[in-house]
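One structure below.
The values are calculated or read from the model by the stated rules, or taken from the named source; none is laboratory data. This is a predicted model, so every value here is computed, not measured. Here Cβ is always computed from backbone atoms with ideal geometry, including for glycine, and neighbour counts include all displayed protein chains. Surface accessibility is based on the protein's heavy atoms, side chains included, excluding ligands, DNA and RNA. Shrake-Rupley method; radii C 1.70, N 1.55, O 1.52, S 1.80 Å.
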Amino acid sequence: EPELGSLFAASAIPIPYGGALALFIVAAVIAMATALPSNLASATRVAFTMSRDGNLPARLGNVREATRTPVNAQVAGGLLGLVFLLPLSIEGLAATAGILFLLLYTLVNFALIAERRRHPAAARGFRVLLVPIVPVLTAAVNLALAIDLYRFPRLGNEAAAPGGRRGPGRWSPRRMGS
């Protein structure tokens, strides 16, 4: 199992009483605890901005005055997260998140090209070399990676077996010893 490689490597560190495994688990929890709030905050901000600009329903752009936060966007993001969380295992969830990020980056590259064509003389806060060549190549690589990640055996098995049922490529405790 490729995703267990880090765990096996950590368990080989000679720290008594399972200390290496505990260290690995603590590092994983810290990594998730730091990444999750920033991802949720950025998703909320994107939904808020898109609704403010008229690309999503205006309700998502409402800001609660007491906290100055877009509560509707936060709730919508949480509900959307549950849609992915409930039927998938952690591997499927990670693969789905990776695919969605790659598709987002692909759209950003296409948006850059479209913006440069619509407003060629606009002042810009950043510079991209060789537009549209570099953004097209970047979008192509992102799409290729997303397709490759989708074709990864675990995600295909989970797409065919929602609800967390074990498919042929899923991890099981019985397979650990083999």
### Message
Which count do you get for residues in the range 121-135 that are of a type in the set (V, I, T) and open to solvent by 70 Å² or more (accessible area, probe 1.4 Å)?
### Response
1
### Query
Which pairs do you get when a residue that is of a type in the set (F, W, Y), found in the range 41-53, comes within reach of a residue that is at pLDDT 85 or above, reach meaning Cβ atoms under 7 angstrom, with the pair 6+ apart or on two chains?
F48/L60; F48/G61; F48/P70; F48/A73
### Message
Given the criteria more than 14 Å from V136 (Cβ to Cβ), in contact with a Leu (Cβ under 8 Å, 6 or more places away or on another chain) and open to solvent by 50 Å² or more (accessible area, probe 1.4 Å), does L104 qualify?
### Response
no
### Query
So, of the residues in the range 43-57 that are within 14 Å of V75 (Cα to Cα) and open to solvent by 60 Å² or more (accessible area, probe 1.4 Å), which turns out to be farthest from the chain's Cα centre (by Cα)?
P57
### Query
Would you pick out the residues in the range 129-154 that are outside any helix (DSSP H, G or I), hydrophobic (A, V, I, L, M, F, W, C) and more than 11 Å from F110 (Cα to Cα)?
L129, L130, F152
### Members of the range 90-133 found to be hydroxyl-bearing (S, T, Y) and either without any contact (Cβ under 8 Å) to a residue 12 or more places away in the chain or more than 22 Å from M32 (Cα to Cα) (or both), listed by number
T106
### Message
Would you confirm, using the coordinates I've provided, whether I30 is among the β-branched types (V, I, T) and at pLDDT below 80?
### Response
no
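Given the criterion surrounded by 13 or more Cβ atoms within 10 Å (Cβ to Cβ), in contact with a Pro (Cβ under 9 Å, 6 or more places away or on another chain) and at pLDDT below 85, identify the matching residue among G169, G163.
Values: G163 fails: surrounded by 13 or more Cβ atoms within 10 Å (Cβ to Cβ).
On inspection, the qualifying residue turns out to be G169.
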### Message
Please go through (1) part of a loop (DSSP other than H, G, I, E, B); (2) aliphatic (A, V, I, L, M); (3) crowded, with 17+ Cβ neighbours inside 10 Å for A95 and return the number of the only condition it doesn't satisfy.
### Response
(1)
